[in-house]
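Visitor: Below: one structure in structure tokens.
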Amino acid sequence: MSLSKEWEEQHLTEKGWVQGNIRYDHAFDKNETPKGVFLTVRKESYIGAIGADVNETFSEKTHINNPDKIKELKSKYGEPDFGV
């Protein structure tokens with residue numbers, strides 16, 4: 001069995017977390033990035049054959065130079081909920 005590599009992006013906006021681009025094994029769904037994004041969080045999941053060696057990584061990209069605003073929105077909406 002082959003290695004699984006999936007990823008998903010969540011975007012933090014004034015209205016909360018919005019799902020962005022996502023890739024599941026053997027399928028790719030590309031969504032538009034919404035306007036007014038303050039922060040993008042990306043989760044990548046690597047799963048070995050038969051579920052062995054699960055490895056997850058997270059990365060963040062800020063779109064504004066205002067850490068207080070990002071902190072305020074994270075406090076209000078929490079952390080993103082990923083499907084991968």
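None of the figures in this text is laboratory data; all of them are computed from the coordinates on show. Since we're looking at a predicted model, the values are computed, not measured. Note that we place each Cβ from the backbone using ideal geometry, even for glycine, and neighbour counts take in every protein chain shown.
Visitor: Taking the Cα centre as origin and putting +1 on Lys and Arg beta-carbons and -1 on Asp and Glu beta-carbons, what dipole magnitude results for the chain, to the nearest 20 debye?
Guide: 320
Visitor: Among 34-42, 69-77, how do they line up from the highest to the lowest mean number of other beta-carbon atoms within 10 Å?
Guide: 34-42, 69-77
Visitor: With unit charges on the beta carbon (Lys/Arg positive, Asp/Glu negative), name the residue among 34, 21, 64 whose Cα is farthest towards the positive pole of the charge dipole of the chain.
Guide: Going by the charge dipole, the pick is 64.
Visitor: Quick one: helix 67-77 against the long Cα principal axis of the chain, what's the angle to the nearest 10°, folded into 0 to 90?
Guide: The helix 67-77 is inclined about 70 degrees to the chain.
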